[in-house]
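A short worksheet on the structure shown next.
The values are calculated or read from the model by the stated rules, or taken from the named source; none is laboratory data. As the structure is a prediction and not an experimental result, all values here were calculated from the model. Cβ sites come from the backbone with ideal geometry, for glycine too, and all protein chains shown count toward neighbours. Heavy atoms of the whole protein, side chains included, go into the accessibility calculation; ligands, DNA and RNA do not. Shrake-Rupley method; radii C 1.70, N 1.55, O 1.52, S 1.80 Å.
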Amino acid sequence: MTIITVNTPTGRLGLEQRRTLAETLTDAVLVPEVGRFAPAARVGFQVHFVEREPHMMAIGGRLSADAGQGPDVMVIDVAVMDGDWRREVRAEVVERVLAAMAEACGLSKPSPAWWVNFRVIDEGSWGSSGGVLSVLSLLDSGVFTEEKIKAIRMAVGA
């Protein structure tokens, strides 16, 4: 399970941009997580778009509403189950997320006011369907590469 939350000023993203990002942000995390493009794994991903009024955001101690045409602010939070999240894998996800955001917004590069938070939820700390979920129960789903399965087992101590 992965949850990606995109926080933006109200009206920053249009419907078509959100449709594009629903897919591209999912794949930006999915590919490094499972080790390949696996459409069947998409069901375990959610993308949430949260809009905030300018008077509900601040940069540098000033409300965005008071800053006039301030920076293009966004915060993208990526929450993932424990697994193979070595530093280089996390960096790949962050770069892929920022690239997907820039492309959907028609920009050649991400704004410096876009931030990505990458959070790993510890094994045993994710729940759904009335119980606790484990990445280990997903390893036999057929979406993970053998290399990723081995790396995940090592990472979570199984």
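Out of segment 35-73, which residues are within 30 Å of K150 (Cα to Cα), among the hydrophobic types (A, V, I, L, M, F, W, C) and under 14 Å from the mean Cα position of the chain (by Cα)? Before the answer, list the steps.
Going residue by residue through segment 35-73, those that are within 30 Å of K150 (Cα to Cα) are 35-47.
Still in the list and also among the hydrophobic types (A, V, I, L, M, F, W, C): 37-38, 40-41, 43, 45, 47.
If the condition is that a residue be within 30 Å of K150 (Cα to Cα), among the hydrophobic types (A, V, I, L, M, F, W, C) and under 14 Å from the mean Cα position of the chain (by Cα), then F45, V47 are the ones that fit.
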*Determine if segment 27-35 includes at least one residue that is open to solvent by 70 Å² or more (accessible area, probe 1.4 Å), of a type in the set (D, E) and farther than 17 Å from M74 by Cβ.*
no
*Residues of segment 75-96 satisfying the condition of being open to solvent by 20 Å² or more (accessible area, probe 1.4 Å) and within 22 Å of V50 (Cβ to Cβ)*: V75, D77, V94, R96
*Can you tell me which residue within segment 42-53, out of those that are touching a helix residue (DSSP H, G or I) at 6+ places or on another chain (Cβ under 9 Å) and part of a helix (DSSP H, G or I), is farthest from P110 (Cα to Cα)?*
G44
*asked:* Against the conditions (1) among the hydrophobic types (A, V, I, L, M, F, W, C); (2) surrounded by 19 or more Cβ atoms within 10 Å (Cβ to Cβ); (3) out of contact with any helix residue (DSSP H, G or I) (no Cβ under 7 Å at 6 or more places or on another chain), where does A99 fall short? Just the number, please.
replied: (2)
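In this structure, is M56 open to solvent by 40 Å² or more (accessible area, probe 1.4 Å), without any contact (Cβ under 8 Å) to a residue 12 or more places away in the chain and more than 22 Å from K109 (Cα to Cα)?
Numbers: open to solvent by 40 Å² or more (accessible area, probe 1.4 Å): yes; without any contact (Cβ under 8 Å) to a residue 12 or more places away in the chain: yes; more than 22 Å from K109 (Cα to Cα): yes.
Yes.
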*For segment 121-149, what are the residues that are among the β-branched types (V, I, T) and either more than 24 Å from D77 (Cβ to Cβ) or part of a helix (DSSP H, G or I) (or both)?*
V135, T145, I149
*Which one of these does G106 not meet: (1) within 20 Å of the chain's Cα centre (by Cα); (2) open to solvent by less than 40 Å² (accessible area, probe 1.4 Å)?*
(2)
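Yes/no per residue for (1) touching a residue at least 12 places away in the same chain (Cβ under 8 Å); (2) closer than 25 Å to S141 by Cα; (3) touching a strand residue (DSSP E or B) at 6+ places or on another chain (Cβ under 6 Å); (4) not in a strand (DSSP E or B):
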{"residue": "V31", "(1), (2), (3), (4)": "yes, yes, no, yes"}
{"residue": "A40", "(1), (2), (3), (4)": "yes, yes, no, yes"}
{"residue": "W85", "(1), (2), (3), (4)": "yes, yes, yes, yes"}
{"residue": "V94", "(1), (2), (3), (4)": "yes, no, yes, yes"}
{"residue": "G106", "(1), (2), (3), (4)": "no, no, no, yes"}
{"residue": "V116", "(1), (2), (3), (4)": "yes, no, yes, no"}
{"residue": "R119", "(1), (2), (3), (4)": "yes, yes, yes, no"}
*Quick check: anything in segment 66-74 modelled with pLDDT under 90 and part of a helix (DSSP H, G or I)?*
yes
